[in-house]
1. Asp423 - would you say it is open to solvent by 50 Å² or more (accessible area, probe 1.4 Å), at pLDDT 85 or above, of a type in the set (Asp, Glu) and over 25 Å from Asp548 (Cα atoms)?
2. Among the residues of the stretch 428-441, is any part of a helix (DSSP H, G or I) and more than 20 Å from Phe558 (Cβ to Cβ)?
3. Being closer than 30 Å to Phe558 by Cβ, of a type in the set (A, V, I, L, M), out of contact with any Cys (no Cβ under 6 Å at 6 or more places or on another chain) and assigned to a helix (DSSP H, G or I) narrows it down to one residue among Leu471, Leu515; which is it?
4. Name the single residue that is surrounded by the most Cβ atoms within 10 Å (Cβ to Cβ) among those in the stretch 366-402 being within 37 Å of the chain's Cα centre (by Cα) and of a type in the set (A, V, I, L, M).
5. Taking the stretch 197-206 on its own, how many of its residues are under 17 Å from Leu100 (Cβ atoms) and part of a loop (DSSP other than H, G, I, E, B)?
6. For Thr114, state whether it is touching a Phe, Trp or Tyr at 6+ places or on another chain (Cβ under 9 Å), modelled with pLDDT of 80 or more, surrounded by fewer than 24 Cβ atoms within 10 Å (Cβ to Cβ) and among the polar types (S, T, N, Q).
7. Scan the stretch 474-496 and give yes if some residue there is among the hydrophobic types (A, V, I, L, M, F, W, C), open to solvent by less than 50 Å² (accessible area, probe 1.4 Å), at pLDDT below 90 and within 25 Å of Glu361 (Cα to Cα), otherwise no.
8. For the stretch 159-184: of the residues being part of a helix (DSSP H, G or I) and surrounded by 15 or more Cβ atoms within 10 Å (Cβ to Cβ), which is modelled with the lowest pLDDT?
Amino acid sequence: MTQDYFMISLKLLGALGLLIYGMRMMSDALQKMAGPQLRHILGRMTTNRITGMLTGAFVTCAVQSSSATTVMTVSFVSAGLLTLGQAISVIMGANIGTTLTAWIMSLGYNVDLTSVVFPAFFFGMILIYKKRHRFVGDFLFGIAFMFLSLVMLSSAGKEMDLEHNEAVVSFFASFDTGSYLTIISFLAIGTIITCIVQSSAAVMAITILLCSTGVLPIYLGIALVMGENIGTTATANLAALGANTQARRAALAHLVFNVFGVIWVLCVFYPFVDTVCSLVGYNPAEGGQATLLPVVLATFHTCFNVTNTAILIGLIPQMERLVCWLLPDRQEASQEEFRLQYIQANLMQTPEISVLQAQKETGHFGQRVQQMFATVRELLEEKDDDKFQQLYNKVAHQEDITDKMEIEIARYLEQVSDNHLSDITKQKVRQMLREISELESIGDACYNLARTLNRRHESGRDFTPALYDKLRRMMQLTDDALTQMNNVMTGHSREHDIRDTYRIENDINQLRQRLKAENVKAVNDHEYDYAIGTMYTDMVGECEKLGDYVVNVVQARFGK
């Protein structure tokens, strides 16, 4: 008998592993199939809280994983593709969408799914070998594994025959289902197990299994389901640990949403559960009808999430303020510590979405080098020795950051390239590698300008008022080029004309030629000495080089 239970337990664990693997496989395949469109779906369909909620529900129903949707949403917030308010509405929808999983599982315990499993395996294998449709094949395999695991769980539950095992029955019967202490204890157990397993679907499957055999009272089963709702938030919160503040706030909002739901349900626990049971036609007092219990659990899961969303959908701004209060902006001195703003390796989803994050980070790189150039312009005007040294050190530190940004973004893009990419995505990766190389060169040019100014400062010499005016004019044109570059990088290339960049670069070239010719004449006329003239032309030449790097960045973004 002991050996029989041991083998059944192994079968049970294997079925759970297959369930988790099948759902993960199905979710990943759907994300890869829809990768390029997910950004547009989540971006365009989250214009208000209702559409955001519906979008979250739709995406979760499609990928069959609220954790996948939530982590995806957190990564979009991290990359600046969604606002915190939009993310909260999507997360609310994800909680509604995940109720479909519970219904599929309850169906698996009441319907023989083997007729679906084997055709799915057959057609999935054919499609996997046809590489063009391999993601569809992976999806079918995921469905087949999930349904097969449900059949195995149902079979294992019948083999265990727990309803006739006096020890198990008496164990669960020893708990007082009318005590809030018992309910809270099972809620905590459900939370802890889900946090450990990192799959609410697996814990839901076990709960349905125990309830369907009749050994686990419905009140305790529902307490476990409530705990699963809290435990499933751990995935997104763990993924967001190394992310920026906004991403961690989005993950925290998921936890706040579910904790609030659990609190109000606990306040009306027994009347609420009895109402759900009456909807299904089950009487908790009489017991019996164990086959209805999976349906009761699925119904409760749906009612819980739909009601919770209905209550909180109008309070999204208040939730936003709450999580902002709980997680205030970190007082990070961006100059003291290097940190990528949008790319978070632990939040990497599908390659298509990862490329969007890299694009956002590359745009931030462009803004950084323009800020660095702005510091150089301040350095030109500074006369105080201490402040001059502070600004010079700031530029040196910024130059070090640009070197690190190039390496980190390139490393991230290399990781993305290891995946199966579409031709369009491959082209985007190549373009970004060109962009970050040229952006790092812009950082070098800014540092060279600062070094020239430092050399002038240490020499004790100074530019004449006329030279200052000419340098300001050249630097203003260069800054215009950087502004145009950042406009192109943060928008769609079709919204801009590359000829605007060419015109600014032409103006820079013409000004450089004129200033160099004027410098030769001024030195010959002894308006200033040769050393000052050399430093002046070095700065003019470096600005012209910087303008060339800007053109290279814009050309890369336009794919030229």
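1. no
2. Scanning the stretch 428-441 turns up no residue that is part of a helix (DSSP H, G or I) and more than 20 Å from Phe558 (Cβ to Cβ).
3. None of the others qualify; the one that does is Leu515.
4. Among those residues, the one meeting the criterion is Val369.
5. Of the residues in the stretch 197-206, 1 are under 17 Å from Leu100 (Cβ atoms) and part of a loop (DSSP other than H, G, I, E, B).
6. No, not satisfied.
7. yes
8. Only one residue fits best here, namely Leu162.
The values are calculated or read from the model by the stated rules, or taken from the named source; none is laboratory data. On a predicted model such as this, the values are computed, not experimentally measured, just so you know. Note that each Cβ is placed from the backbone with ideal geometry, even for glycine, and that neighbours are counted across all protein chains shown. These accessible areas exclude ligands, DNA and RNA; they are computed on the full protein's heavy atoms, side chains included. Shrake-Rupley method; radii C 1.70, N 1.55, O 1.52, S 1.80 Å.
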